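Report on the structure given below.
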Amino acid sequence: MINDLERAEQATRQWLQEVVIGLNLCPFARREFDAGRIHFAVTAETELEALLMAFATELSRIDKTPEIETTLVIFANAVPDFHDYLDLLDMAQAWLEERELEGIFQLASFHPRYQFADSDLDDEANYTNRSPFPVIHILREDSVERAVASHPDPAAIPERNIKLARDKGLVFWKELMAGLVE
C-alpha cells in the first residue's frame, strides 16, 4: 500500500506522462522527462510557512544542481482551495524576486481546481492547467527561452491546447483526472 506522498508523486507522474506529454500540452516536456531531468518533490506540509519553505528548498536544489532541468513541487496535503493556492504562488513568486532569481527561474502553476480568470469553473480550457495535486513548477528561464526559440509557433501552443481541451469535452477530462488519483 502506498502512502499519501507516494500517491501524490505517482499521480503527478502519470498526469505528466498521459496529459502533458501524451496530449502534447507542452511540446518541450517529453525530452526532459525521457532524459530524467525532471525532479519531483513532494511535501506533506500543510501550514503556509512550511509550504513556502518546501518551495524555497526546491528552488535552492535546482539552483545548485545543473542536472535538474525542472522541478515539480507537489503539495500532497495542502491548498485544496484554488484561491489559497494562488496566495502561496504569489508568495513563491515574491520569494523568487526577493532573491533576485527572476529571470533565472520562472514559475508555472497547476492545481486540481485551476480556473482561468473570467472563465466558468467547468470550462474545459481550465484542464490545460489542472493537475491531480497542487503543483508549483520551477523552470530554468534560459531553457524555456531555448525551447521557445526552437518551436515554429510558440504563440499557438496555448490556443491549440484550449481547442484540444474543449474538443475532448468535460466528461473526458473528469474521467481522466479521476483515474489519476484513484
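Kindly list, by first and then second residue, each pair from a residue in the range 1-15 that is touching a residue at least 24 places away in the same chain (Cβ under 8 Å) and farther than 16 Å from Gly36 by Cα to a residue that is among the hydrophobic types (A, V, I, L, M, F, W, C) and not in a helix (DSSP H, G or I), limited to pairs with Cβ atoms under 6 Å and residues at least 6 apart or on different chains.
Asp4/Ala76; Leu5/Val42; Leu5/Ala44; Leu5/Ala76; Ala8/Val42; Ala8/Ile74; Ala8/Ala76; Ala8/Phe133
(1) in contact with a helix residue (DSSP H, G or I) (Cβ under 8 Å, 6 or more places away or on another chain); (2) farther than 18 Å from Ser131 by Cβ: which one isn't true of Ser109, the others all being true?
For Ser109, the failing item is (2).
Of the residues Ser131, Ser143, which single one is at negative phi, among the polar types (S, T, N, Q) and not in a helix (DSSP H, G or I)?
Testing whether each residue is at negative phi, among the polar types (S, T, N, Q) and not in a helix (DSSP H, G or I) leaves just Ser131.
In the range 61-94, what residues are over 16 Å from His111 (Cβ atoms) and either modelled with pLDDT under 95 or of a type in the set (Ser, Thr, Tyr) (or both)?
Within the range 61-94, Thr65, Thr70, Thr71 qualify.
Looking at His137, is it within 28 Å of Leu5 (Cα to Cα) and out of contact with any Leu (no Cβ under 8 Å at 6 or more places or on another chain)? Working first, answer last.
Values: within 28 Å of Leu5 (Cα to Cα): yes; out of contact with any Leu (no Cβ under 8 Å at 6 or more places or on another chain): no.
In short, no.
Hey, does the range 11-20 have a residue that's within 19 Å of Pro154 (Cα to Cα) and modelled with pLDDT of 95 or more?
Filtering the range 11-20 for residues within 19 Å of Pro154 (Cα to Cα) gives 19-20.
Next, only the ones that are modelled with pLDDT of 95 or more stay: 19-20.
Checked the range 11-20: at least one residue is within 19 Å of Pro154 (Cα to Cα) and modelled with pLDDT of 95 or more.
Looking at Glu47, Glu58, can you tell me which residue is more than 21 Å from Met177 (Cβ to Cβ), at pLDDT 95 or above and in contact with a His (Cβ under 9 Å, 6 or more places away or on another chain)?
Exactly one residue qualifies, and that residue is Glu58.
The values are calculated or read from the model by the stated rules, or taken from the named source; none is laboratory data. In this text the structure is predicted, and so the values were computed from the model without any measurement. Cβ: placed from backbone, ideal geometry, glycine included. Neighbour counts: every protein chain shown.
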